[in-house]
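The values are calculated or read from the model by the stated rules, or taken from the named source; none is laboratory data. All values derive from a computational prediction rather than experimental measurement. Here Cβ is always computed from backbone atoms with ideal geometry, including for glycine, and neighbour counts include all displayed protein chains. Just the protein is used for accessible areas: all its heavy atoms, side chains included, with ligands, DNA and RNA removed. Shrake-Rupley method; radii C 1.70, N 1.55, O 1.52, S 1.80 Å.
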Amino acid sequence: MWFPRLATDRVLRACPVEAPFVLTLKQNNTDKLYCLNTCAERAGLHRGMRFADARAFCPDLVSRPARPEQDARFQAALRRWATRYCPWVGREGEDGLVLDVTGSTHLFGGEEAMLDDMRQRAERAGLALRLGLAGTRGAAWALAHFEEGIAAPDELRQALKDLPVAALRLDAETDTALQRLGLRTIGNLAAAARAPLARRFGQDLITRLDRAMGDYPETVAPEADPPHYGVRLTLPEPVGLVSDVMAGASRLLDALCARLRENEAGARILCLTLRRVDQGSHQIELRLAAAMRDPARILRLFERGISEVDAGFGIDRMRLEAILVEPLPVEQISITARARANGLDDLITRIGTRIGLENIQRFLPVDSHIPEHGFVLAPAAHSAPGGGWISSRPRPIRLFEPEPVIGPVTSSTTGEGAGTFPPERFSWRRMVFNTARSTGPERIAPEWWIDNDHWRPHWRSGVRDYWRVETRQGRRLWLFFTPQSPRWFVQGEFA
Amino acid sequence: MHEVCGPAAPAFAAIACAQHTRGQFLWVRESWQGEALNPAGLAPFVDPARILLAHAGRQAESLAVAEEALRHGALAMVVIEITRPLDLREGRRLQLAAGAGDTVGLCIIPEGMGSNAARTRWRAAPVFDSERQDSTLMRWEIIKNKAGTLGTWHVRFDPKTRSETHRETNRLHVVSPAGNGPGSEGMPG
């Protein structure tokens, strides 16, 4: 099955356009045509053309940016759909499917009837489709791309004889070279001597030819469906009590967790959709701090979300889906305090439903000697605790934005010899302090490999001389002096 | 549920955490509060890897988080920083949650904003130590105690005694300052 205009068909299904329509993709800094509809093709445009040229040709051109990743998803959806014809379906390139229909054609009333059925359904879905059916994968590809039809096994050579050599899935270079040699059709190529061809173009060309002719086997690689983690429950009568909804959720969780256990996976994000009788729906999203698949534990975490739902006239449909799934291998139960760690994960999840999972954080060390950049706060649910908190010098227990110190104008705050010692008397936060003992200085220079102007505006003032100042009033403060613009600041407080 | 106020309240909380040799701590704050905890500064008291931080948007949320954490019982201790006074209902709820989860809760309060439901209230202030450098001499004053008497202690935390063999040693030394009678050996757990 070849969908010659898969990308445009996908977009036009959602919003039909009667005018020439193209999808553009930026390649090598130029917008190029990625895919175009029949109307645009009739106007003389072709794939790979520059978008600016195309607009000059065709002023009323409608265009959209191409989304190749969505096209790939659409192709995957088509692949799943195509399993209605046979169980062996694989993807072929970016816009094709390959089906091994051996033994399943009679279910649709023969090959012709099956292809008709495919064509009808594709047409109804608004997709251009070209089909080729042959005994080999290569021949089917050639037929789909160049001459739609069915080739019986004994007529295979006859059917392929007049097709151009490009039908052998050759690259453009080989194709051109073969054209120059006068080998324009597959028939010509098959009749030519094989050894010189292999020497000239490599074994690949011969293999392709043999595959198309059926002299060399080629398999269809079907893709396994990814496991689907969604379950639903339809109720004969709507329910409205929290306990009833919880019972329903419990049943759904049992089914979902059984499936997770089969695949050794654990859910990380769960979404419970409650559909009301009046077609309204309510979604409860549960983000878990760790992958888990224990129904009883997850159910308890749903309590808060379910109790907040407005049931209206009642809920008659429930759907539970695991949106994010992570592998969770079976673990050996040991006597260590694993249960307590589990309890902590539960607690993080529970708090996370209230304030957001990313707001529960832990400290992680960062390799920087700038005090306020020596650590980073990382979400606890997505990080493991890190160690290595060794500092050679005492550090304050609290850090704040540098606050300027207001001190009496003496020789130590301005002028000659400023900064050699902290001021004797200073006031900070409207409190007056007398310096009793000061330890320092410890010079910390800004990290020159970082753009301090942009990222760390506080460090624009250059190096800092840090002092641990013990005041007579008791408080132990962390002061620094900036020699390049002589001033004193308080940045932290020791225990 | 205990309360602590005064300039050395964070140090008081860190030392209280240091009394627990196992388990994790949750430190609940409101996200707008500017003064950051410095893990490098906490390291002599308690391993920063054992501390979890929760940043709530409002005080109502941070109280709810603290209540949930206290009730859950998986943590060794919960520290909550509050900015406006707790009413009796809020304080009592925290107290009940701490009782149900068998977890110690410590509330860092601004001066004079204590709640009636707290078991004890402390005031911690640093004191200048004329004898030792790098000292952590503090004056701990118990200003409310539901089950005991009030008192004042001068204490000093000594990170040097922290070693594998002395895991269980109390690293807090009660010192008798000049002109002040020695306090009792009783320490909050």
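What net charge is computed for the residues neighbouring A:Pro20, neighbours being all others with C-beta under 11 Å from the C-beta of A:Pro20, Lys and Arg scored +1, Asp and Glu -1? With Lys, Arg at +1 and Asp, Glu at -1, the neighbours total -1.
The residues of the stretch A:66-194 expose on average 52 square angstrom of accessible surface per residue, using a 1.4 Å probe on protein heavy atoms.
By definition, a body whose alpha carbon gyration tensor gives a ≥ b ≥ c is oblate when a/c is 1.5 or more and a/b is not larger than b/c, and the stretch A:2-68 fits this oblate description. Mean sequence separation of contacting Cα pairs (under 8 Å, at least six apart), scaled by the length of the stretch A:230-353, corresponds to a relative contact order of 38 percent.
Other residues within the sphere of radius under 12 Å centred on the Cβ of B:Ser62, judged by their own Cβ, net out at -2 (K and R +1, D and E -1). Excluding ligands, DNA and RNA and using a 1.4 Å probe, chains A and B jointly bury around 4100 Å² of accessible surface, summed across both partners. Multiplying the residue separation of A:Arg121 and A:Trp455 by 0.36 nm and removing their Cα-Cα distance gives an extension gain of 114.5 nm.
Rolling a 1.4 Å probe over the heavy atoms of the protein chains gives the stretch A:398-493 an accessible area of 52 Å² per residue.
Springs between alpha-carbon atoms under 10 Å, Gaussian network over chain B: tell me which of B:Glu131, B:Glu141, B:Glu68 tops the mean-square fluctuations. So, out of B:Glu131, B:Glu141, B:Glu68, the one fluctuating most is B:Glu131. Per-residue shielding of B:127-140, expressed as the average number of other chain Cβ atoms within 10 Å of the residue Cβ, stands at 4.
Bridgeable aspartates and glutamates around B:Lys144 (alpha carbons under 20 Å apart, same-chain partners fewer than 8 residues away excluded): B:Glu3, B:Glu81, B:Asp87, B:Glu90, B:Glu111, B:Glu185. Taking the empirical scaling 2.2 N^0.38 Å for compact globular proteins as reference, the stretch A:230-353 has a Cα radius of gyration ratio of 1.09. Taking a quarter of the surface of the Cα convex hull of the stretch A:398-493 gives a mean projected area of 6.1 nm². Peptide B:87-94 shows a mean partner chain C-beta count of 0 within 10 Å per residue C-beta. Across chain A, the relative contact order, built from alpha-carbon pairs under 8 Å that are at least six residues apart, equals 8 percent. Membrane-span-like helices in chain B, defined here as complete DSSP H runs extending at least 18 Å along the helix axis by their C-alpha atoms with mean Kyte-Doolittle hydropathy no lower than -1.0, are B:59-72, B:88-101; this is a sequence and geometry rule, not a statement about a membrane. Taking other residues whose beta carbon is less than 9 angstrom from the beta carbon of A:Val490, and scoring Lys, Arg as +1 and Asp, Glu as -1, yields -1. Of B:Arg132, B:Arg84, B:Arg121, the residue with the greatest mean-square motion in the GNM of chain B, using alpha carbon springs below 10 Å, is B:Arg132.
Measuring heavy-atom accessible area with a 1.4 angstrom probe and counting protein chains only, the residues of the stretch B:22-40 that give up at least 20 Å² relative to the chain alone are B:Gln24, B:Glu35, B:Ala36, B:Leu37, B:Asn38, B:Pro39, B:Ala40. Note on A:Val463 and B:His173: with the Förster distance fixed at 41 Å, the Cβ-Cβ geometry gives a FRET efficiency of about 0.65. Averaged over peptide A:347-357, the number of partner chain Cβ atoms lying within 10 Å of each residue's Cβ comes to 6. Principal-axis analysis of the Cα atoms of chain A puts helix A:203-213 at an angle of about 50° to the longest axis.
Overall dimensions of chain A, expressed as equivalent-ellipsoid semi-axes from the Cα gyration tensor (√(5λ), whole Å, largest first), are 66, 37, 23.
Within the stretch A:432-480, the chymotrypsin sites (Phe, Trp or Tyr not before Pro) that combine a DSSP coil assignment with at most 13 other C-beta atoms in a 10 angstrom radius are A:Trp448, A:Trp449.
Would you mind telling me the share, in percent, of accessible area of the stretch A:230-353 contributed by carbon and sulfur at probe 1.4 angstrom? Summing carbon and sulfur atoms, their accessible area is 51 percent of the total for the stretch A:230-353.
A loss of 50 Å² or more of accessible area (1.4 Å probe, protein heavy atoms, ligands and nucleic acids excluded) relative to the isolated chain is seen in these residues of the stretch B:46-77: B:Ala49, B:Leu52, B:Leu53, B:His55, B:Val65, B:Glu68, B:His72, B:Ala74.
What residue among B:Gln33, B:Gln24, B:Gln95 shows peak mean-square fluctuation when chain B is described by a Gaussian network model with Cα springs under 10 Å? Answer for the Gaussian network model of chain B: B:Gln33.
Computed from Cα positions, the angle between helix A:242-262 and the longest principal axis of chain A comes to roughly 70 degrees. Rolling a 1.4 Å probe across the protein heavy atoms gives chain B an accessible surface of 43 Å² per residue.
Shape call for the stretch B:2-124 from the C-alpha gyration tensor, a ≥ b ≥ c root eigenvalues: rounded (a/c under 1.5), prolate (a/b greater than b/c) or oblate? Taking the square roots of the gyration eigenvalues as a ≥ b ≥ c, the stretch B:2-124 is rounded.
Measuring heavy-atom accessible area with a 1.4 angstrom probe and counting protein chains only, the residues of the stretch A:365-405 that give up at least 50 Å² relative to the chain alone are A:Trp389, A:Ile397, A:Arg398, A:Leu399.
Separation of the stretch B:1-63 and the stretch A:170-205, taken as the distance between their Cα centroids, equals 76 angstrom. Here is the list for the stretch A:8-111: GluC sites (Glu not before Pro) lying in DSSP coil, each with at most 13 other C-beta atoms within 10 angstrom of its C-beta, are A:Glu18, A:Glu94.
Between the helical axis of A:111-124 and the longest alpha-carbon principal axis of chain A there is an angle of about 50 degrees. Taking a straight Cα-Cα cut-off under 13 Å and skipping sequence neighbours fewer than 8 places away in the same chain, the aspartates and glutamates within cross-link reach of A:Lys32 are A:Asp53.
In this simple spin-label model, placing a label point 7 Å from the Cα along the Cα-to-Cβ direction at both B:Asn116 and A:Asp367 gives a separation of 5.8 nm. Label positions at A:Val330 and B:Leu150, each projected 7 Å from the Cα along the C-beta direction, are separated by 6.3 nm.
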